[in-house]
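Structure first, then comments.
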Amino acid sequence: MSEDGQRKGFWGTTLNKLKSVLAKTKEQVSEESQESDNQELPTVEQSQAQAAPEEATANQTQTQNNTATAVQAKSVRAVDEDYIEHLEERLIKADLGLATVEPLIQALRKESRGKNWTSENVDVFLQREFSSLLNETPQSGLSFKAGTNVYLIVGVNGVGKTTSIGKLAFRFKSEGKKVLLAAGDTFRAAAESQLEIWSQRAGVDIVRLADGADPGAVVYQALQKARVEQYDVVLVDTAGRLHNKTNLMAELKKIRTVVEKNSEGMNVESLLVLDASTGQNGLQQAKVFSEVCGLTGVILTKLDGTAKGGVVFAIAKELSIPVKLIGLGEKMEDLRDFDSALFVQALF
């Protein structure tokens, strides 16, 4: 096991959770089970692999066991054209996308030709290529500097935007930072009330105006308050908007302009919240939001459950936007920094 796999505490827990929540993706990139009347009994090591992490929920435990079973059933077989075509299909189903999969398969054909490769060689090849894909995009956590840090949080409805803001607020507050929320989603009924509940749970302040107020005015007041009262962090909520609605995206662009005009001397990030289960539609969302508000990173939510994580590679390949945070569960502390090495390790 690598050094990362041996680490305890925060990252050790993250690796365990990643192994659990990436079960769906793992099933796609791993060889499917081969039925046989003479199926061998699992080895001791394979049986141990079935053990779920101690703090996993009942659902995560079952997912981990299913994943371990899939790994046990994986057979070592020769790599021929049928195998490669089958692999290509599985990678596409794992949401890597054609633009990512096609050159990957071409490289596999070229490298394996005439070498009597087995599926084990393919695993090594995929680990190397997946790592290379993610490393093409500069990997970094959230940017945080001395003074006020502004995080503009954008995305469509239902991706976990407000929840992510609440978890981020809790995280910064736990680190001793002075945190302010800006209730910029004045469009959706009860959105501001939901954010206020999160502010109370996290123990942070909030700027909220009357329902239906101009979201730009909310952001302006929040930035002025942050400057005067020396807040370390401002988390700006925005209305969930469809990336194909021109008028709504234009409003978001105006909010971005308000931030730019009133954040002199502040560190600013624009973060897109994406639901991992949306697959290639999430990639299209990232393209449009990047044009409108200059994205600096992605928060990938809902990796737990049945989500497939291949969209991480598609984002890195096609947009060169780093995934900075990933959602691994419902707990306040389950919004974690993205680590590309651990992500790839969890798949294999």
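The values are calculated or read from the model by the stated rules, or taken from the named source; none is laboratory data. Please read these numbers as outputs of a predicted model, since none were measured by experiment. Neighbour counts run over all protein chains shown; Cβ positions are idealised from the backbone, glycine included. The accessibility values were calculated without ligands, DNA or RNA, using every heavy atom of the protein model including side chains. Shrake-Rupley method; radii C 1.70, N 1.55, O 1.52, S 1.80 Å.
Descriptive notes on the structure:
- Per residue, the accessible area of the stretch 191-287 comes to 45 Å², computed with a 1.4 Å probe over protein heavy atoms only.
- Computed lengthening from ALA341 to GLU102, 0.36 nm per intervening residue step minus Cα-Cα distance: 83.8 nm
- Linear extension gain, LYS331 paired with GLN224, 0.36 nm per residue minus alpha-carbon span: 35.3 nm
- With both labels modelled 7 Å from their Cα along Cα-to-Cβ, the GLN127 to ARG201 distance reads 3.7 nm.
- For a paramagnetic label modelled on LYS177 (point 7 Å from Cα along Cα→Cβ), amide N atoms under 20 Å away belong, within the stretch 322-337, to 322-329, 331-337.
- Selection from THR301, VAL312, LEU342, by position along the positive dipole direction of the stretch 259-348 (Cβ): VAL312
- Two-site FRET efficiency, ALA210 against LYS253, from Cβ-Cβ distance with R₀ of 22 Å, rounded to 0.05: 0.40
- A simple rule links phi to the HN-Hα coupling: the Karplus curve 6.51 cos²θ - 1.76 cosθ + 1.60 with θ = phi - 60°, which for the stretch 95-103 gives 6, 6, x, 4, 4, 8, 6, 4, x Hz, with x for Gly and Pro.
- Anisotropy class of the stretch 115-175 from Cα gyration tensor, a/c 1.5 cut: prolate
- The mean sequence distance of close C-alpha pairs (under 8 Å, at least 6 residues apart), as a share of the length of the stretch 121-247, puts its relative contact order at 37 percent.
- Fraction of accessible area attributable to carbon and sulfur, the stretch 170-287 (%, probe 1.4 Å): 48
- Nearest-0.05 FRET efficiency for ARG109 and GLU264, computed from C-beta distance (R0 51 Å): 0.45
- 16 Å tail of the calculated P(r), the stretch 240-348, as % of Cα pairs: 61
- Difference of contour (0.36 nm per residue) and Cα-Cα distance, ASN157 to SER320: 56.3 nm
- Among the listed pairs LYS93/LYS331; LYS261/LYS302; LYS93/LYS324; LYS225/LYS254; LYS261/LYS324, a Cα-Cα separation exceeding 27 Å is found for LYS93/LYS331; LYS261/LYS302.
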